[in-house]
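Asks: Attaching a single structure in structure tokens format; questions to follow.
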Amino acid sequence: MRYSVFWVPALMAVPAWAADVTVSSSADVIAVGNSATLTCTVTPSTYVSRVTFSYEDGAPSQEDTSAPYEVQRTFNVAMDDLTVTATVEFSDGSPTQQATVDVDVVGLALSGSTSPSRGWSVAYTARSDPQGKVIDLFEWSYTAGGVVNTWSDYDLDNNDVSTWAGKMVISGTLSVQAVVCGVTCTKTVSVTIAPRNWSTPQSCNVDNESDWGSEPTASAVMGENRDRESNDKLRYFVPQANDGDFSQAFSVSGVTSGPCQGWWYVSGSTLVCQRETVINKYIKAGGPAPAGASQNFYDRNAEVCLDDLMDEFVQAVGNHEYRGTPATARSEEGHYGRIENGIYDAEIAGDPRKAAEGLLARSSASLWSLINLTVEDVEDDLHAYAGGESWSADGPNWGGPDALGSGLRSTWNPGSQTWSDCVNGVEKF
Amino acid sequence: MKSALLAILLATTRSSAAPAPVESVATLTSVRSAAEVASVSRTIRRGLEDPVQAPAWRAALLNALQGEAKPEIARRIGLLLAWRPDEAALAAILERIESAADRPLQEALADSLTLAAGRLPAEQKAVAAQRFGPRLLKLASAPTPAAEGAVRGLGRLGAPGCPLLLELARQQAVRARHPEALLIALGETGCADAVPVLVRMTEEASSAGRRVAGLMAVSGLLRAIRQDGGALSADTERQAWSCLRRDLRLDADPELLAASIRACATASDVDEDAELAAVALESLGHASAQVRSAAATALFDSALASRPDVKELVRALADHETDATVRVLARDVLAGAEH
């Protein structure tokens, strides 16, 4: 304080307009995203009322009203010779004075899709920003699924540009680091993989085997909904070599280069749900009579039990296997409708191709295990929902009380070669 | 035994962090909506996959199955017991079927019996076949709603179930009642002795649909035998391939040609089977969508699919195919070929 008292009268002799103004930066080269301290020195600083720092890159200006006149600023835009201007205002009415300093703000530019579809090849290219700076080493990393893949490119082709390319299969964080003009620069982006729009084709051929069915005994099966080729009702998704083996329905690929190197993903699928309904030939109009009988099931029931309802009876069996009455897609009143609904509704079972689309692993064997488990899981959910028969409350085709399926009917006894007329049918379609 | 079970149940019930088996299984018996059933089922399946927790989950399911009389609820429980079963689970399902007074309950558990037999750990299958084989055989032979499930279960026991299944296949009444279940089951045994029987049944199939099923069963069987490192006699091998290739002709019935392409592709490597590859390539332009679909599926994931001329053919299907399923399939084949 005593010094101030001593010096102030002495400095008062120098007018403000004659002050010496300079501005400096704590660093000549600044990495994008980093900060520097900018200092304005005014000699003498007696009448300084405010120093305003303004920037060529258009960033908001900053000001300081007390010595030391300095600010900290983070530089986010790469630019060669970015001019920082310090404008000094004085309280004694002297005109403002300015001083400038140039700094280089450098960084890395990174190009390449950040939302590629899974399996797309993407080339990520890094170079200096602004372009044209010498870079000797690019250090890349990709962090995804708890795994960090790295690659060091020593720029042996001397073009100061680096490209890391490969199929992208898993979302993660891509980062590249390099020394530009003496400072370490890092560029990081998030990569979000877009799932492919996969869905499992479904079809059902109705009443597909005219020769199917056995004699209409009390335990005969009236109709069935099943896989079209194997005739296996438990097999909802094919190709399926053995139970739970979907190796023929999917292809898998290992990524051999780029950020996702070492990851295995599902590259394609031919999985389908192809069902058929079959109706017992013995119950149809004109169907064969059981061995030893003079009448077929249709005529016998029309005569003694179901009167003119026989066509509805056969239709009810067909509708039970297919899409209910009337036939409606995703109807809960038919096995195939339930299959459609179960695949459509992820809360019930979901679409197995969709479920498998995003599966990833670090080895082919692990991926195959995941695929098989995933599809098997969906298949079990679907079977639990669509394969049951005790839905008497859900419509006329399911065989509840008074329904055609479990109502009275005549069935054939092969042992005694007689009909049991108008007895309760079994709930088995 | 009872106190051990009780201890497991109590220990699990006390745990608050993870879903409790007893409560979850109890929920399974009360929920009705499909989404709720699926949600609880998934929780239980995850529990069954955890080596530490699995015994408690299985115990809860076994306990619930014993007293359950409603077919639909018993079915839910049975299917879950069949997810990662052990011998006790298979025994419980079998016993519940045998003791069930009403047919719907037997029928409700039939699929669980099949699935549980198939999903038993490989090392337990031989013991299970020995222990439960006679009962399964008896169940399969009788005209009951669970008979088909028992036939299928014997098939899924694999090689240990093979002699029992072959015995069953000799019974005319069973062949008449469950012709397709026998075809499928024989195809699932992975047993060389089943090949001649299965080939004969396929050749004798009374309808195209049953022949198609037979082709699928034969091809699955050949594939399984090869994967297990098994071998067939030269004569049996010749008979089997003759059966599979009989309809591998462009002028064959489309349904059978399609099945033959799929069956041959299942049993062999398209890249190494010149005849199959030639027919499959020709079939991409077949008049039947079913055949085009089979051809595209056979070529999927083969080296042929990457060949430029084959890609062109498949691309034409992907762009111009009128059948939506084949169009989607062709696109999938292309996508696979480009990877």
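Asks: From the residues in the stretch B:317-327 that are within 14 Å of residue B:283 (Cα to Cα) and in a helix (DSSP H, G or I), which one is farthest from the other protein chains (Cβ to nearest Cβ)?
Replies: Ranking the candidates gives B:317 first.
Quick grid of which residues meet (1) of a type in the set (Asp, Glu); (2) facing chain B (nearest Cβ under 9 Å):
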position	(1), (2)
A:168	no, no
A:175	no, no
A:181	no, no
A:184	no, no
A:187	no, no
A:211	yes, yes
A:222	no, no
A:231	no, yes
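Asks: Only one of these conditions is not met by residue A:206: (1) touching a residue at least 40 places away in the same chain (Cβ under 8 Å); (2) surrounded by 15 or more Cβ atoms within 10 Å (Cβ to Cβ); (3) in contact with a Phe, Trp or Tyr (Cβ under 6 Å, 6 or more places away or on another chain); (4) not assigned by TED's automatic domain parsing to the domain that holds residue A:322. Which number is it?
Replies: Looking at each condition in turn, residue A:206 falls short on (4).
Asks: Among the residues of the stretch B:85-115, which ones are charged (D, E, K, R), modelled with pLDDT under 95 and not in a helix (DSSP H, G or I)?
Replies: The one that is charged (D, E, K, R), modelled with pLDDT under 95 and not in a helix (DSSP H, G or I): B:102.
Asks: With the stretch A:248-350 as the region, which strands (runs of 3 or more DSSP E) entirely inside it contain at least 1 residues that are closer than 21 Å to residue A:378 by Cα, in the same structural domain as residue A:227 (by TED's automatic domain parsing) and in contact with a Cys (Cβ under 7 Å, 6 or more places away or on another chain)?
Replies: A:273-279
Asks: Hey, another quick one. Taking the stretch A:174-203 as the region of interest, how many residues are surrounded by fewer than 17 Cβ atoms within 10 Å (Cβ to Cβ) and touching a Phe, Trp or Tyr at 6+ places or on another chain (Cβ under 7 Å)?
Replies: Total meeting the criteria: 0.
Residue-by-condition table, conditions (1) within 14 Å of chain A (Cβ to nearest Cβ); (2) modelled with pLDDT of 95 or more; (3) surrounded by 22 or more Cβ atoms within 10 Å (Cβ to Cβ); (4) within 26 Å of the chain's Cα centre (by Cα):
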position: B:268; (1), (2), (3), (4): yes, no, no, yes
position: B:283; (1), (2), (3), (4): no, yes, yes, no
position: B:301; (1), (2), (3), (4): yes, no, yes, yes
position: B:315; (1), (2), (3), (4): no, no, no, no
position: B:329; (1), (2), (3), (4): yes, no, yes, yes
position: B:335; (1), (2), (3), (4): yes, no, no, no
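Let's see how each residue does on (1) at pLDDT 90 or above; (2) closer than 26 Å to residue A:387 by Cα:
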| residue | (1), (2) |
| --- | --- |
| B:2 | no, no |
| B:31 | no, yes |
| B:41 | yes, yes |
| B:51 | yes, no |
| B:59 | yes, yes |
| B:64 | yes, yes |
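Asks: Consider residue A:71 carefully, then state whether it is free of Cβ contacts under 8 Å to residues at least 40 places away in the same chain, of a type in the set (A, V, I, L, M, F, W, C) and either surrounded by fewer than 16 Cβ atoms within 10 Å (Cβ to Cβ) or touching a Leu at 6+ places or on another chain (Cβ under 6 Å) (or both).
Replies: Criteria met by residue A:71.
Asks: Go through the stretch B:203-215 residue by residue and tally those that are buried (at least 17 other Cβ atoms within 10 Å of the Cβ) and more than 12 Å from every other protein chain (Cβ to nearest Cβ).
Replies: 0
Asks: Only one of B:170, B:103, B:177 is within 10 Å of chain A (Cβ to nearest Cβ) and surrounded by fewer than 20 Cβ atoms within 10 Å (Cβ to Cβ); which?
Replies: B:103
Asks: Here's something else I'd like to know. Quick one: in the stretch A:313-356, which of the residues that are surrounded by fewer than 22 Cβ atoms within 10 Å (Cβ to Cβ) and among the β-branched types (Val, Ile, Thr) is farthest from the chain's Cα centre (by Cα)?
Replies: Applying the filter and picking the extreme gives A:325.
Asks: Return the residues of the stretch B:34-73 that are within 11 Å of another protein chain (Cβ to nearest Cβ) and among the small types (Gly, Ala, Ser); say none if nothing qualifies.
Replies: B:34, B:35, B:38, B:39, B:41 - these are the residues of the stretch B:34-73 that are within 11 Å of another protein chain (Cβ to nearest Cβ) and among the small types (Gly, Ala, Ser).
The values are calculated or read from the model by the stated rules, or taken from the named source; none is laboratory data. It should be emphasised that the depicted structure is a prediction, and the values quoted were computed from it without experimental measurement. Backbone-built Cβ (ideal geometry, glycine too); neighbour counts: all protein chains shown.
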